[in-house]
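The values are calculated or read from the model by the stated rules, or taken from the named source; none is laboratory data. Bear in mind the structure is a predicted one, so any value in this text is a computation, not a measurement. Here the Cβ positions follow ideal geometry from the backbone for every residue, glycine too, while neighbour counts run over all protein chains shown.
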Amino acid sequence: MKNYTQFIKKLQRPIDSDNHRHIMYPVSVNALSIIRGEAKAEQPAVWTLALTELHSCNTALWNLEESVRKKDIDDASIAAIKRKIDNSNLQRHRAVAELDRLLTEYFTSSIKTGAGTVLNSETMGQMLDRLSVLMLKHKNFSAKNDKDRLARIERHIEHISACFDNAIELINRGALPPGCDEIKDYGDAGS
């Protein structure tokens, strides 16, 4: 996809920060590669699998939500699809929690006592979840050639990527990862 390739090159552009030249969002670009099925060998296998699972959940949800919006669908079918959406959402939230657990284990090997906590309104898994959904939107609006929405989505991806990579940088300096577990209730499906 041409738009996606150009966008990733933009995210990878070198920048000067405190006289150091580096890739703008290195960890996020790797995460986006995993989401797109282009995982690189340097990624931990367990993280790759968890993020791939999360993106599969989001793709399934996207498809279910698209099918329920059809105009010629009857109420019984809508109810059945909505139940599948709830089950898929439950799987998605479990995938985010698992990703949080794995990322915390992976990135906290350098935590020093008293180094503070990353201040963010979302956990690492929640940020990757948002990137996954944004990539689905990017694909959708690329197919529709909707340049206005693509530009807005790309700004959002850049913002979330910056937040994610900032959190990784702070964790690598010894801060604790952000923690704000989400509580969900899907009735009989579990929570």
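Restricting to region 89-146, what's the tally of residues that are β-branched (Val, Ile, Thr) and modelled with pLDDT of 90 or more?
Going through region 89-146 one residue at a time, the tally reaches 2.
Can you go through 78, 23 and tell me which one is β-branched (Val, Ile, Thr) and modelled with pLDDT of 75 or more?
Every option except 78 fails the conditions.
Out of the residues in region 153-191 that are modelled with pLDDT under 65 and in a helix (DSSP H, G or I), which is farthest from residue 129 (Cα to Cα)?
188
It is to be established whether one or more residues within region 122-130 are without any contact (Cβ under 8 Å) to a residue 40 or more places away in the chain and within 18 Å of residue 47 (Cα to Cα).
Scanning region 122-130 turns up at least one residue that is without any contact (Cβ under 8 Å) to a residue 40 or more places away in the chain and within 18 Å of residue 47 (Cα to Cα).
Give me the residue from region 73-104 that is in a helix (DSSP H, G or I), among the β-branched types (Val, Ile, Thr) and more than 17 Å from residue 58 (Cβ to Cβ) and, out of that set, farthest from the chain's Cα centre (by Cα).
Here the answer is 78.
What is the one condition in (1) under 22 Å from residue 135 (Cβ atoms); (2) of a type in the set (Gly, Ala, Ser); (3) modelled with pLDDT of 90 or more; (4) out of contact with any helix residue (DSSP H, G or I) (no Cβ under 9 Å at 6 or more places or on another chain) that residue 45 does not satisfy?
If we test residue 45 against (1) under 22 Å from residue 135 (Cβ atoms); (2) of a type in the set (Gly, Ala, Ser); (3) modelled with pLDDT of 90 or more; (4) out of contact with any helix residue (DSSP H, G or I) (no Cβ under 9 Å at 6 or more places or on another chain), just (3) comes out false.
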